[in-house]
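Where a number appears in this text, it was derived from the coordinates with a stated rule and is not lab data. Quick caveat, the model's predicted, so the values are computed rather than measured. For neighbour counting, all protein chains shown are included, and Cβ atoms are generated from backbone atoms with ideal geometry for every residue, glycine included.
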Amino acid sequence: MEMNNPAGRLLNILTIGKEHTKNEATRTVWATILDVPSDKAYLLIGRIGKVFALADDINEELQRIDNIDVTRFMSWTAYLEKSFSNCHLDNPWNSFINQISEPAFDYLHMSSSMLSTNRPQPVLAESKLKEIYDEATSLVSKILSSDLPAELKKYFVEQLRKICTAIEEYKITGSAEVVEIIEATFGKAVLNSEFVSAREKNGAAKSFWRFMAKTALVISSVAGAVQIGDSAIKMFPELASPVSQTIEVETDSKSQENIIVIDQQA
């Protein structure tokens with residue numbers, strides 16, 4: 001089962017769902033599949049919503065492939081729409097899963113194969129995800145108990161919690177969200193130098209940026225390139241490695257900016 005594209009991830013989730021007992025409560029099955037406590041309804045509903053949103057992600061990815069009939073690949077959504085209209089959390093699971101027929105699974109397989117070949121996304125090993133998650137969780141506690149200014153404390157904790165959430169939802173959203181958080185955090189550092197300068201005076205801030213740099217390098221080694229602007233590289237020389245490559249990209253202002261592509265597999 002390809003996990004490097006949204007069709008493969010949706011197919012994986014629905015395939016696991018087919019293995020569940022049909023008379024189980026829909027709430028219980030979704031909570032099990034998505035690793036959510038069944039009593040946290042708000043969290044469960046949010047995650048189910050992201051599963052449903054994979055249909056749009058699949059369509060967008062297919063649209064980026066030249067010379068294919070996207071409507072042919074997306075005809076399975078009629079089955080999905082019918083099943084979603086019957087997705088009441090307190091009903092038996094079969095009221096949902098029975099609406100997704102074998103043709104829908106066949107179309108998803110076809111879409112997954114097409115995207116896996118033409119639009120593959122990075123795949124992070126479970127062991128690496130756990131390592132990042134555990135360290136981020138531990139660091140949240142350290143920052144909350146630190147004497148950092150309230151603004152910095154809030155920002156650092158928010159970024160760490162975003163990473164934790166992205167990892168918790170990895171089977172739905174894949175690696176893209178983790179990579180985006182890393183890139184956005186270093187981008188923010190360029191615009192807010194006080195967030196970076198704090199590491200010279202505060203151990204918690206130093207630990208935060210060390211974790212972010214380490215995570216960027218870990219992700220690059222297993223998931224391909226993480227793009228960090230050269231301004232951030234000057235602030236964080238540890239991100240520059242002998243195998244980093246510098247490329248030029250055109251910015252919105254039509255000027256050129258160096259982008260460091262961290263890729264330890266280069």
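Choose one answer from 59, 94, 192: the residue with the largest mean-square fluctuation in a GNM of the chain with alpha-carbon springs under 10 Å.
192
Just how large is the dipole of the chain about the Cα centre, in debye to the nearest 20, putting +1 at every Lys and Arg Cβ and -1 at every Asp and Glu Cβ? Walk me through the numbers on the way to the answer.
Numbers: 27 positive and 36 negative charges, 138 e Å.
Here the chain has a charge dipole of around 660 debye.
Working from Cα positions, state the angle (0 to 90°, nearest 10) between the long axis of helix 102-118 and the longest principal axis of the chain.
Once rounded, one gets 30 degrees.
Under a straight-distance cross-link criterion of Cα-Cα below 15 Å, which aspartates and glutamates are reachable from residue 130, leaving out those fewer than 8 residues away in the same chain?
35, 168, 169
Ranking 112, 75 by Cβ neighbours within 10 Å, fewest first, what do you get? Write down the numbers at each step before the final one.
Numbers: 112 24, 75 11.
Listing 112, 75 from fewest to most nearby Cβ atoms yields 75, 112.
Measure nothing but the geometry: give the 0 to 90° angle between the long axis through the Cα atoms of 54-63 and the longest principal axis through the Cα atoms of the chain, rounded to 10°.
80
Can you compute the helix-only [θ] at 222 nm over the chain? Use -39500 (n - 2.57) per DSSP H run of at least 4 residues, normalise by all residues, nearest 500 deg cm²/dmol. Display every interim value, and only then the final one.
On the way: 15 runs with 166 residues, N = 266.
Mean residue ellipticity, 222 nm, calculated: -19000 deg cm²/dmol.
Which entry in (1) 23.8, 82; (2) 20.0, 71; (3) 21.0, 61 matches Rg and Dmax of the Cα atoms in Å derived from the coordinates of this structure?
Here Rg and Dmax of the Cα atoms in Å agrees with entry (3).
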